[in-house]
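In what follows, a single structure is set out as C-alpha cells and then discussed.
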There are 2 protein chains.
Amino acid sequence: MEDRKNATIVDVAKMAGVSVATVSRVVNGNYPVKVETRERVQTAIETLHYVPNVQARELNTRRSSTIGVVVPGLYNMFFAEVIDGIEETVRKDGLSLLLNCAKNDPQQEMNCINALVSRNVSGIIVISPNTADIKESFYADLVKRIPLVFINGYHRIPNVSYVGNDEKLGSRQALEYLEGLGHQRILFVRGANSDSYAIKEESYRQHMAENKRLEEQLIVNIGEGNGVETVDSTMARLLEIIPQAKPTAIFCCNDLMAVGALNACKRLGLKVPEDISVMGYDNISLSRLIEPKLTTMDQNMFQLGSNAAALLTEKIKGGKSKRITLDNVLITRDSTGPVR
Amino acid sequence: MEDRKNATIVDVAKMAGVSVATVSRVVNGNYPVKVETRERVQTAIETLHYVPNVQARELNTRRSSTIGVVVPGLYNMFFAEVIDGIEETVRKDGLSLLLNCAKNDPQQEMNCINALVSRNVSGIIVISPNTADIKESFYADLVKRIPLVFINGYHRIPNVSYVGNDEKLGSRQALEYLEGLGHQRILFVRGANSDSYAIKEESYRQHMAENKRLEEQLIVNIGEGNGVETVDSTMARLLEIIPQAKPTAIFCCNDLMAVGALNACKRLGLKVPEDISVMGYDNISLSRLIEPKLTTMDQNMFQLGSNAAALLTEKIKGGKSKRITLDNVLITRDSTGPVR
DNA sequence: CTGTTAGCGCATTCAC
DNA sequence: GTGAATGCGCTAACAG
C-alpha cells in the first residue's frame, strides 16, 4: 500500500509552473485564465490525479456541501424508501449525505445530531424525531444554528420545516372506503408509542362515534409496531381477538400489522377478502408482494424524502421554514371487498 | 433565522481568558490541564454552545473520521440491512458514514467514488461493485490512494479487501437439503446480469450433472432480479413453466423470486409445501413475513456489513487487505417438505 | 501546566 | 491574466 500522499494544489502549481491561485481558478472556472496556461494546468491535474480537498475548500469558504440525515433505523423499509428519496434529490444539488441511525434512542438521537453539527453539515433532516423524549429546547436551540427539517414530526417547533402526511384525513378516507363496501364492524389495530397511531385512533373514534358504533373492544394496541416482529405479534393477538369481536373488516395503522392480520385470517380459515377485509397503511413495497396484495393508504415515502430535501436546500439558501402536508392516497388492491 | 456565527475555539479562549491551545487540550483531553482552568473553559464552551469544527481538525491532522459507502440502491432490503450492519459497527469506532447510491449505473458509481475521495474519506466500502462495466484500472488506481472493501464483489483486484458469502457451497447445501427430502426434479430460477446468479447456476449444473439429472428446461432466467417487480415477473413466468416442467421443488436465487414462485403456486392451486417445495436465498426480512414462511439460505446481511466495516478500519489503521468468506446457513421454515 | 506559532489545503482579496 | 499574501478553525510542536 503505497502511502503516497495525495497531490495538493501546490503540487499541481509546481508541475504546471504557475501559482496556486491560477490552479484554483482553472479548477473552479470562476475567473478568466489564458487557454494555454489552463491546458498546462489541466494536464498537471491529470497526471497527478489531483482531486481538490473539499474539507479545505469548505473551511475557508465557510460553506458546506453535505447534509445530515437522522433515521430511527434501516430495518424498516419505510425509512429506507424515504432515504432513497432524499438521496436522489440531494444529489442533484451536488450535496452529499451523512447518515446516522438513532436506533429509537433519544440519547443516541442527540448524539447523532451533535456529530452532524460538528461535521459542519449545512442542514439536517430528522425522520420521525423523538420530540416526546427530547427536551424541547434541544431542537429549539439547534434550529438557531442550522436549518432543520422534520419528516413525520408532530410537535411544532418554530423555524423548523415539516414534511408529513395528513394522516387524520387519510384514516377517515380509509374508513369511509370500508364503509362504502358495507362494513360496519371495523377492528382498529394500532401500535404503541407513536403520535402517528394516536392521530389515527382519534380519527377512528371520532368517525365511529358519529355513526354511533364505537365499541372499545374493537380497538386493539399490539405494542411495538415497527419491527419485523410486529407481523407475528399482530397475528398472535388477532388470533384471539377476531373470533370474539367478529369484525367484517380490519383497519391497521401500518402494513406490517396488516400482513400480520392477513396471516391471522389465513390461520382462522377466513378468506380475504370474501369473509373479511384487511386494510393497511403506508404502502411499503411489502404490501404488493404478498398474496392477496394489500389495499392500503400510500404514504408516498419517496416524496416525503424528496420534499424534505427540497425544503432543506431552500432553507439553506436562506428561505424561511415551511410546512408541507401530502395527501395519502388510497391504493385499492385485493385484500378488501364488499361485506357479504 | 439568526445567522449568528457558530462559536470558534478563539471565542471560547477569549471568554475563558486562556489560549486556544488550552481550549484544544480540554476538548481533546490529551494533555493535563489544571482543574480550575479546565472548568473555566468548560463553562465557556457551554454558554457559547461551542462545537469543535471537525473539518478544521481533520484538515491539519490529515486524518478523517468519515468513511464512504456506495450502494446500488435502497429499494432492496438486502442493501438496507447491509448498511445497518456497517453503520452500527462504524459508529463504535467513532466514524461517520457518507452514503451514495449508484443506481446500478457504472458511470454514477464512479462519480460517487470520486465525490467520496474529494471529501477525503478515510476509506470506502462498495456493495456489489460493478466490476464488469468499470475498467479495472479505475479500482486498481483507487486502492493505491485509499483503503477499499468490496461486499459481494467477484473480480479480484490486488489490495482490496473482500467480504462475501460462499454461494457456491451454499447452493450446494441447499440442493442437498432438497434432495434429502426426496426431490429430484428441482427447478432452478435465476436472474440476469449478476455474477452471483452465475455462480449458483454453475453449482446447480455441476450438482445435477453428477446425479445425471440435468435438464435444460429446468433452468429459467427471469431477467432483472433485484427490483420489486421481480416478484411479479417471476410469478408470471412460472405460471407457464411449472405446468410444463412439473418440478417437485423450486430453488430460487433470491427471496424475491421465491415469493414470486410461492404466488405462482398459489394461483396454480398447488399447496406449499405439500404439493411442491419452494426455497429462496438471502433471508431478507420479507422471507419470514409471508405465509408460508420461506425456507432459505441466510446471507447474513448484517454480518456482511459489520465485517466489511471491521476490515475497513483494519486497513485504515495500516493493516493489509484480507478476504472474509462467510458461510451461508440453511434456515428451515415452512415452504419446504418431503416429496409426496 | 500554559501560551506562541506554524502550518493543514484552499479561495480570495489586492497588487502588478 | 497572474502571483503573493492572508486567513478559515484547529492541532502539534516548541518554549516557557
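The values are calculated or read from the model by the stated rules, or taken from the named source; none is laboratory data. Given the structure is predicted, the values throughout are model-derived calculations rather than measurements. FYI the Cβ positions are ideal-geometry reconstructions off the backbone, even for glycines, and counts take in every protein chain you see. Protein only, heavy atoms only, side chains kept; ligands, DNA and RNA dropped before computing areas. Shrake-Rupley method; radii C 1.70, N 1.55, O 1.52, S 1.80 Å.
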Top-ranked residue in the range A:65-80 [being in a loop (DSSP other than H, G, I, E, B) and open to solvent by less than 20 Å² (accessible area, probe 1.4 Å); ranked as farthest from the other protein chains (Cβ to nearest Cβ)]: A:Pro72
From B:Tyr162, B:Tyr177, residue being modelled with pLDDT of 95 or more, part of a helix (DSSP H, G or I) and of a type in the set (Phe, Trp, Tyr): B:Tyr177
Matching residues, the range A:90-99, being at pLDDT 95 or above and either under 13 Å from the mean Cα position of the chain (by Cα) or more than 7 Å from every other protein chain (Cβ to nearest Cβ) (or both): A:Leu99
Condition met for B:Thr61 (under 32 Å from the mean Cα position of the chain (by Cα), more than 10 Å from chain A (Cβ to nearest Cβ) and within 16 Å of DNA strand D (Cβ to nearest atom)): yes
Close pairs (7 angstrom Cβ cut-off, 6 or more residues apart or separate chains): on the phi < 0 side of the Ramachandran plot and more than 7 Å from chain A (Cβ to nearest Cβ) in the range B:40-57, more than 10 Å from DNA strand D (Cβ to nearest atom) and of a type in the set (A, V, I, L, M, F, W, C) anywhere: B:Arg40/B:Ala16; B:Val41/B:Ala16; B:Val41/B:Val18; B:Ala44/B:Met15; B:Ala44/B:Ala16; B:Leu48/B:Met15
Set B:Ala115, B:Ala80, B:Ala102, B:Ala56: member being outside the structural domain of B:Ala309 (by TED's automatic domain parsing) and of a type in the set (A, V, I, L, M): B:Ala56
Strands (runs of 3 or more DSSP E) contained in the range B:184-294 and holding at least 3 residues touching a residue at least 40 places away in the same chain (Cβ under 8 Å): B:186-190, B:249-252, B:277-279
Failed condition for B:Ser321, given (1) part of a loop (DSSP other than H, G, I, E, B); (2) in contact (Cβ under 8 Å) with a residue 12 or more places away in the chain; (3) over 30 Å from B:Lys144 (Cβ atoms): (3)
Residue in the range A:272-288 that is farthest from the other protein chains (Cβ to nearest Cβ), counting only those that are closer than 16 Å to A:Ser196 by Cβ and open to solvent by 10 Å² or more (accessible area, probe 1.4 Å): A:Asp282
Matching residues, the range A:15-30, being more than 14 Å from every other protein chain (Cβ to nearest Cβ) and near DNA strand C (Cβ under 10 Å from one of its atoms): A:Ser19, A:Val20, A:Ala21, A:Thr22, A:Val23, A:Ser24, A:Arg25, A:Val26, A:Asn30
Scope the range B:31-45; condition more than 10 Å from DNA strand C (Cβ to nearest atom) and either open to solvent by 90 Å² or more (accessible area, probe 1.4 Å) or not assigned by TED's automatic domain parsing to the domain that holds B:Thr8 (or both); matching residues: B:Glu39
Unmet criterion (only one of (1) in contact with a strand residue (DSSP E or B) (Cβ under 7 Å, 6 or more places away or on another chain); (2) surrounded by fewer than 17 Cβ atoms within 10 Å (Cβ to Cβ)) for B:Asn111: (1)
Some residue of the range A:7-14 being free of Cβ contacts under 8 Å to residues at least 40 places away in the same chain, polar (S, T, N, Q), within 16 Å of DNA strand D (Cβ to nearest atom) and more than 10 Å from chain B (Cβ to nearest Cβ): no
Of all residues making up the range B:58-77, the number that are of a type in the set (Val, Ile, Thr) and touching a residue at least 60 places away in the same chain (Cβ under 8 Å): 1
